[in-house]
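Let me begin by presenting the structure, written as structure tokens, before commenting on it.
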Amino acid sequence: MNSERRHLNPQEKIAALKRHLLEGVPVSTICDELGIAPTLFYRWQKELFENGHSLFENGRKAKAIEDANIEKIQKLEAKLTRKNEVMAELMEAHTQLKKDLGEL
């Protein structure tokens, strides 16, 4: 028996967790209503507790990390561009040398 998977958005998942944690609705009742397995519900709960701290993190810290990553990417792109330019110059000189030696 193949049943179609139910995909719930984050708001629906939080609402289900809230009903259980704050209102005391049994997990079995919520799972029956949503058509999900209790193991999935408990996985959502585990993810909430493991990642909930990110809601309270200072936005400036995350912005600083993002800015540092963007700066690093820009530096690496510039380095890659310079490397490509040097390689092109070397290949051009190599080709010209071969032509001068009569190998091409």
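Worth pointing out:
- The heavy atoms of Asp100 offer some 110 square angstrom of accessible surface to a 1.4 angstrom probe.
- Carbon + sulfur, % of accessible area of the range 1-57 - ligands and nucleic acids excluded, 1.4 Å: 53 percent
- Candidates Asn69, Asn84, Asn51, ranked by Gaussian network fluctuation over the chain, Cα under 10 Å, top entry: Asn84
- Dipole magnitude for the chain: about 240 debye, using +1 per Lys or Arg Cβ and -1 per Asp or Glu Cβ, origin at the Cα centre.
- Projecting the Cα atoms of His20, Pro10, Ala64 onto the dipole axis of the chain, where Lys and Arg carry +1 and Asp and Glu carry -1 at the beta carbon, places His20 farthest toward the positive end.
- GluC sites (Glu not before Pro) lying in DSSP loop within the range 3-104, provided at most 14 other Cβ fall within 10 Å: Glu4, Glu23, Glu57, Glu103
- 222 nm mean residue ellipticity, helices alone, for the chain (DSSP H n ≥ 4; -39,500 (n - 2.57); rounded to 500): -25500 deg cm²/dmol
- Accessible surface, 1.4 Å probe, highest first, among residues Phe49, Phe56, Phe41: Phe56, Phe49, Phe41
- Cα gyration tensor, the range 30-104 - rounded (a/c under 1.5), prolate or oblate: oblate
- At the residue level, Leu90 shows approximately 100 square angstrom of accessible surface with a 1.4 angstrom probe and all protein chains present.
- Of the whole protein surface, Leu22 contributes about 130 Å² of accessible area at a 1.4 Å probe radius.
- Accessible surface, per residue, of the chain when the full set of protein chains is kept, probe 1.4 Å, Å²: 88 Å²
The values are calculated or read from the model by the stated rules, or taken from the named source; none is laboratory data. Quick caveat, the model's predicted, so the values are computed rather than measured. Cβ coordinates were reconstructed from backbone atoms using ideal geometry, including for glycine residues, and neighbour counts include every protein chain displayed. SASA here: full protein model, heavy atoms, side chains in, ligands and nucleic acids out. Shrake-Rupley method; radii C 1.70, N 1.55, O 1.52, S 1.80 Å.
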